[in-house]
Structures are given as structure tokens and as C-alpha cells.
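All remarks here apply to the structure that follows.
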Amino acid sequence: MLPTELEKKLSFNRFISVGDLVIVYERHDVMKAVKVCENGILQNRFGVFKHESWIGKPFGSKVFSNKGGFVYLLAPTPELWTLVLSHRTQILYIADISFVIMYLEIFPGCIVLESGTGSGSLTTSLARAVAPTGHVYTFDFHEQRASLAREDFAKTGLTSLVTVGVRDIQGEGFPDEFTGWVDSVFLDLPQPWLAIPSAGRMLKEDGVLCSFSPCIEQVQRSCETLKTCFTDIRTFEVLLRSFEVREERLQSWQNYTGGASQKFRKKRQRSSDGSNVVEGSATCTTVLAKPCSEGRGHTGYLTFARLRCVP
Ligand SMILES: C[S@@+](CC[C@H](N)C(=O)[O-])C[C@H]1O[C@@H](n2cnc3c(N)ncnc32)[C@H](O)[C@@H]1O
């Protein structure tokens, strides 16, 4: 694929056409990926949406159903794809992914090795980070998973940036052809210590490795192996705390004079909009911010290490 075509694929400032993948967004926690077809129809609780009315509209458009309900049509960015992809395995989420890309020092043009591919959640972001001239070589020993991942990369327009291989990386290591050639390696494997010696051989001098493990015992074992030829070994747990910020009407007490007996003498009345108000109080609008209850807890530990240069 030519760089200009690639830029077009990765650009979000373009118009929707037949064959495009769009993210149909209802709310931050209700969205799905839909392929636009000439006679396609989307039906949800808001009514029926005809794809033909989407064609030619820019990504980000608000579109209406036959009943006047609406959804937004968003570009399939790696951030949104991670939220809608089909989970064939456990996946990495945005907080870990962002941290991985930063600490693996990935930029356009980098060559990255990954195993296992899993559902391709991380791979999608790696691909965008190395575009347009770099490449991600990702390996999974599960043939069907590898093949479904390939299909997903085609849907999201990343085929030219990602190659999926079927290989037992813990048993056989990475293919020799990558020796001393790659900028970064990412491992999401059950026994990463088995793949670390091979990963070390693949890295350029000064290259960085990251291993994701859900259990601290796996981290300890990996660190023992890393010590043999890596330096700057560090482990992180990334915890994300999201907030809900909204305007709310509150009642403030006017006649509060203090003292236990007088405190909050309430007489409930109905206001014109039907809500309860209290005599002696006034309403005011204020902005409330509270942590979301659905906050994701522990996902895993990220261990980073830099290949030691042998003089
Ligand atoms: C948790 S998933 C990876 C998820 C991925 N990081 C993502 O964000 O979608 C782990 C994957 O490693 C693969 N795997 C396990 N052992 C492997 C091995 N020895 N060689 C290659 N892949 C392996 C599994 O098939 C599985 O797909």
C-alpha cells in the first residue's frame, strides 16, 4: 500500500463510503463496529438507520433513525477498536496500551515483535504507532486466533503494517531472521521467561522489552531471567481512575440557625416540575465530580527492561 493510501486509511478527517468500518456510538459504554453496505440497515432501540444515509458524511456525524433517535458514526481508531473488538482472549486496555507504547519508545518506522497476538487489541495500537514505515510482526501459536486477528487487521486497514505468524514462541523462540534487527519486543505469554532469551537476541543494542503478566510470581520469574542480559528492569501496575462530571441541582438551607431542635425543620412541598422541594431551602446548580464505580482494577504487571550492550 502506498504511503498516501495508508495516510488515508489512518486519517479520521474523511468521508464515510461503502465498505468502511464505522463505530456506531450510542454512549461511551454502548458502541459497536459496523461495515457500511449500500443496502445495509442498523436496527437498535432508537429505530432503524439506513446505511445509505451515512455515505458521504464525515466521521463524527450524528445520524438519525426513522423514529428521530440518533447515534454518532466514529472512525475506527485503535482506542475505539479496543472497546468493540470481539474478545477471543483477555486483552490489553487503553491505560496499559498507552504506557506500553511510551515505555517501549515506539515511534513511526520502528520494527516491533509481539507474542501472543491474542485478540489483537495491543497490536492495533502498535501498528498505528509504527506507521507509515515501520512494521509489527506478531506471533500466536493458536492458528485460529492468528487467522481471526489477520481478518481484523484487514477490516481496520492495517494489513500493510502487521504480519501475523503462527509459532510457539515459548518453545521455539522468535524466527532467526529477526536477530539483532528489532527495536522493541512485547510479550503477553503465560511463561514469558521461556521467550526472554530469544527476545534478547532479536533486539538491537539498547532495544527495550516489555512483558505483561497478571501474577506477581510470573513477574518474579521473568525478572530472574531478565537479569542475565538486560538492565534498567522495572515493573509497573497501571491503575486507571475515571470520573463522572455532571451538573446537579442541590438544595441549600436558608433558615438554618443551628441548634439541635431547630436543625433542618422540613416541610415537603411539590414544585411545579413535580420534584420535591423543602420550605426554607433554595436550589442552586453545581458541578459534581465523582469517581466512576465501574473503574477497572488490576489487569496485570508491566515489566520493562533494556538490552545490555556488550562492549
Ligand atoms: C492474553 S492473550 C494476548 C492478548 C493480547 N495482548 C491483546 O491485547 O489482545 C495471550 C495469547 O498468547 C498465546 N500464546 C500462549 N502461549 C503461546 C506460545 N507458547 N507461543 C505463542 N503464543 C502463545 C495464546 O494463544 C493467546 O492468544
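The values are calculated or read from the model by the stated rules, or taken from the named source; none is laboratory data. In this text, all values refer to a predicted model and were calculated from it rather than measured experimentally. Don't worry about glycine lacking a Cβ; one is built from the backbone with ideal geometry, like all the others, and counts go over all protein chains shown. Surface areas here come from the heavy atoms of the whole protein model, side chains and all, with no ligands, DNA or RNA. Shrake-Rupley method; radii C 1.70, N 1.55, O 1.52, S 1.80 Å.
Values computed for the structure shown
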| quantity | calculated |
| --- | --- |
| Average projection area in nm² (convex hull over Cα atoms of the range 55-94, one quarter of hull surface) | 4.2 nm² |
| Förster radius 22 Å - calculated FRET efficiency between D29 and E237 (Cβ-Cβ, nearest 0.05) | 0.40 |
| Set of aspartates and glutamates near K57 by C-alpha distance (under 16 Å), chain-local residues within fewer than 8 positions excluded | D20, E38 |
| M202, M31, M102, ranked by accessible area, largest first (probe 1.4 Å) | M102, M31, M202 |
| Most fluctuating residue given options A195, A131, A282, as computed from a GNM of the chain linking Cα atoms under 10 Å | A282 |
| Over 27 Å between alpha carbons, listed pairs K32/K67; K67/K290; K62/K155; K67/K155; K50/K290; K155/K290 | K67/K290; K67/K155; K50/K290; K155/K290 |
| Most mobile listed residue (E38, E177, E52) in the chain, GNM with C-alpha springs under 10 Å | E177 |
| Heavy-atom surface of the chain, accessible at 1.4 Å and reported per residue (Å²) | 55 Å² |
| Cβ-placed point charges (K, R +1; D, E -1), dipole of the range 3-76 about Cα centre in debye, nearest 20 | 200 debye |
| Proximal aspartates and glutamates to K204, defined as alpha-carbon separation beneath 12 angstrom and excluding residues fewer than eight positions away on the same chain | D183 |
| Principal-axis tilt of helix 121-130 within the chain, Cα atoms, nearest 10 degrees | 70 degrees |
| Charge tally in the Cβ shell below 9 Å around W193, where Lys, Arg are +1 and Asp, Glu are -1, W193 excluded | 0 |
| Two-decimal log10 I(q)/I(0) for the chain, as the Debye equation yields it once each C-alpha is a single scatterer, q = 0.09, 0.11, 0.16 Å⁻¹ | -0.60, -0.78, -1.28 |
| Percent carbon-and-sulfur accessible area, the range 3-76, ignoring ligands, DNA and RNA, probe 1.4 Å | 54 percent |
